[in-house]
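Each remark here refers to the structure printed beneath this line.
The values are calculated or read from the model by the stated rules, or taken from the named source; none is laboratory data. All figures in this text were calculated on a predicted structure; none of them were measured in a lab. Here Cβ is always computed from backbone atoms with ideal geometry, including for glycine, and neighbour counts include all displayed protein chains. What goes into the accessible areas is simple: the full protein's heavy atoms, side chains included, and nothing from ligands, DNA or RNA. Shrake-Rupley method; radii C 1.70, N 1.55, O 1.52, S 1.80 Å.
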Amino acid sequence: MRRISLTTFLAVLFGLCAFPLAAQTHSVSLSQWTLEIGGTKSAVSPVLWDKPVSEGGAGYTRNGTGIYTASFLIPEDLRKEQLAFFVSSIDDADRTWFNGILIGESGRFPASDGSGFRSAVRSPRLYVIPQSAVRDGINEIRIDVYDFAGSGGFNGTEAPVIAAYRALEH
């Protein structure tokens, strides 16, 4: 019987551990966005829109409506799950669309006369994504944001994510 050294055994064992045979993707982090305000588009990070460009923002210092969009691929293993979109906070109200389908809204946009506004700035968003809306190719999320006063846009410390609902619901 042929023997191998302990060193060789450990090297092979650690080598196999370093390269998993079936890696799984547990989430899609959405760290790059396009922000449109007043007809002007800017590439931004998920930060408040009045942050300077050097900090990933657009440098806008106005209240009102902005539209964030992000395009991305969802890995095949993740497409098999019931997906959800999570963002910790948006200042102030939002309507969120996934491939053109409204998946959730928090707060309330004002009516044309300015009445009816309601902020949801401190509310985390967790929106279920219908499986029928998920594409094999490029997917798009659009977030219409209304900011009443102060800073507007993404107001959390982590990038928004798309992941299995069961992983995000806790």
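Got a sec to turn the phi values of the stretch 133-147 into Karplus ³J(HN,Hα) couplings, 6.51 cos²θ - 1.76 cosθ + 1.60 with θ = phi - 60°, whole Hz, x for Gly and Pro?
8, 7, 9, 5, x, 6, 10, 9, 10, 10, 10, 8, 10, 10, 10
For every other residue with a beta carbon closer than 12 angstrom to the beta carbon of G137, add +1 if it is Lys or Arg and -1 if Asp or Glu, then tell me the sum.
Within the 12 Å Cβ shell, the charges total -1.
Who wins for biggest fluctuation among S45, S54, S31 in a Gaussian network model of the chain, springs between alpha carbons below 10 Å?
Evaluated over the chain, the most mobile residue of the options is S54.
Could you give the size of the charge dipole of the stretch 14-148 about its Cα centre, using +1 on the Cβ of each K and R and -1 on the Cβ of each D and E, expressed in debye and rounded to the nearest 20?
80
How big is the dipole moment of the stretch 82-156 about its Cα centre under a simple scheme where the beta carbon of each Lys and Arg is +1, that of each Asp and Glu is -1, and everything else is neutral? Debye, nearest 20, please.
The dipole of the stretch 82-156 has a size of about 180 debye.
Could you tell me the distance between the Cα centroids of the stretch 51-90 and the stretch 97-133, to the nearest Å?
First find each Cα centre; the distance between them is then 14 Å.
Roughly what angle does helix 6-18 make with the longest principal axis of the chain, taking Cα atoms, 0 to 90 degrees, to the nearest 10?
Tilt relative to the chain: about 30 degrees.
Under the rule of -39500 (n - 2.57) per DSSP H run of 4 or more residues, summed and divided by the residues of the chain, what mean residue ellipticity at 222 nm is obtained, to the nearest 500 deg cm²/dmol?
Helix-only estimate at 222 nm: -3000 deg cm²/dmol.
Choose one of A163, F98, S45: the residue whose Cα lies farthest towards the positive end of the charge dipole of the chain (beta-carbon charges +1 Lys, Arg; -1 Asp, Glu; about the Cα centre).
A163
Name the long-range amide H neighbours of I90: under 5 Å, sequence gap of 5 or more, or other chain; modelled H, no Pro or chain starts.
S123, N155
Which value, in debye to the nearest 20, gives the size of the charge dipole of the stretch 42-102 about its Cα centre, when Lys and Arg are +1 and Asp and Glu are -1 at the Cβ?
That gives the stretch 42-102 a dipole magnitude of about 140 debye.
What residue among A43, A111, A93 has the largest mean-square fluctuation in a Gaussian network model of the chain, using Cα springs under 10 Å?
In this elastic network of the chain, the residue with the biggest mean-square fluctuation among A43, A111, A93 is A111.
Within the chain, what's the longest stretch lacking trypsin sites (Lys or Arg not before Pro) that sit in DSSP loops with no more than 10 other Cβ atoms inside 10 Å?
4-121
Between exposed GluC sites (Glu not before Pro) in the chain, where DSSP calls loop and at most 15 other Cβ atoms lie within 10 Å, what's the longest gap?
1-157
What distance in nm separates the two pseudo spin-label positions at S71 and V53, each 7 Å out from Cα along the beta-carbon direction?
2.2
Excluding ligands, DNA and RNA, what is the solvent-accessible area per residue of the chain at a probe of 1.4 Å, expressed in Å²?
Result: 60 Å² per residue.
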